[in-house]
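Novice: If you scroll down you'll find the structure; I have some questions about it.
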């Protein structure tokens, strides 16, 4: 295996980590959808900690190793249209995903406070675990990551 093959392998492993993180976040959101139980929300949101590690590894690994490959391989250039599109989509997806994470982090803190105070149910928590700005930011981020994946597989214009 060449050095470029190793870089490609790390790029692909990073992409899998990023997709795994998005999947974990989606499953967590679905599991506590409109839940008014602070204990349930708090316990499910702990899964997000693993997702945070995966999204960090995946997002940094995909951009670092992807740019490295575009520079290193003769077949591709950093200024190829599909590479530029992937980089732009990556930056937007990470920014939007951070907004989703910030929103769900605030909801998780609300659930933890309600749970520690002994509150059995909370309509505000149920509303925060429904269709909110954080939910839409997560959906948009997921769609953008899917578009990056499509761009990477089909390499339009390459």
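The values are calculated or read from the model by the stated rules, or taken from the named source; none is laboratory data. No experiment lies behind these values; they were computed from the predicted model shown. Backbone-built Cβ (ideal geometry, glycine too); neighbour counts: all protein chains shown.
Novice: Checking the condition over 29 Å from residue 46 (Cα atoms) and either in contact with a strand residue (DSSP E or B) (Cβ under 7 Å, 6 or more places away or on another chain) or assigned to a helix (DSSP H, G or I) (or both), which residue from 86, 75, 93, 100 passes?
Specialist: So the residue among 86, 75, 93, 100 that is over 29 Å from residue 46 (Cα atoms) and either in contact with a strand residue (DSSP E or B) (Cβ under 7 Å, 6 or more places away or on another chain) or assigned to a helix (DSSP H, G or I) (or both) is 86.
Novice: Does residue 49 fit the bill of being touching a helix residue (DSSP H, G or I) at 6+ places or on another chain (Cβ under 9 Å) and at negative phi?
Specialist: Taking the combined requirement at face value, the residue does not satisfy it.
Novice: Would you check if there is a residue in the range 18-35 being in a loop (DSSP other than H, G, I, E, B), surrounded by fewer than 17 Cβ atoms within 10 Å (Cβ to Cβ), free of Cβ contacts under 8 Å to residues at least 24 places away in the same chain and in contact with a helix residue (DSSP H, G or I) (Cβ under 9 Å, 6 or more places away or on another chain)?
Specialist: no
Novice: Sticking with this one: Residues being in a helix (DSSP H, G or I) and within 26 Å of the chain's Cα centre (by Cα): count how many of those fall in the range 113-136.
Specialist: Within the range 113-136, residues that are in a helix (DSSP H, G or I) and within 26 Å of the chain's Cα centre (by Cα) number 10.
Novice: Here's something else I'd like to know. Which one of the conditions (1) surrounded by 13 or more Cβ atoms within 10 Å (Cβ to Cβ); (2) modelled with pLDDT of 95 or more; (3) within 19 Å of residue 31 (Cβ to Cβ) does residue 86 fail to meet, given that it meets all the rest?
Specialist: With (1) surrounded by 13 or more Cβ atoms within 10 Å (Cβ to Cβ); (2) modelled with pLDDT of 95 or more; (3) within 19 Å of residue 31 (Cβ to Cβ) applied to residue 86, the lone miss is (3).
Novice: Would you confirm, using the coordinates I've provided, whether residue 58 is in a helix (DSSP H, G or I), buried (at least 16 other Cβ atoms within 10 Å of the Cβ), at negative phi and without any contact (Cβ under 8 Å) to a residue 60 or more places away in the chain?
Specialist: Yes: the conditions hold for residue 58.
Novice: Being free of Cβ contacts under 8 Å to residues at least 24 places away in the same chain and either crowded, with 16+ Cβ neighbours inside 10 Å or under 13 Å from residue 86 (Cα atoms) (or both) is the filter here; which residues of the range 113-142 pass it?
Specialist: Passing the criteria: only 128.
Novice: Please specify each residue of the range 90-112 satisfying the condition of being over 18 Å from the mean Cα position of the chain (by Cα) and in contact (Cβ under 8 Å) with a residue 12 or more places away in the chain.
Specialist: The answer is 110, 111, 112.
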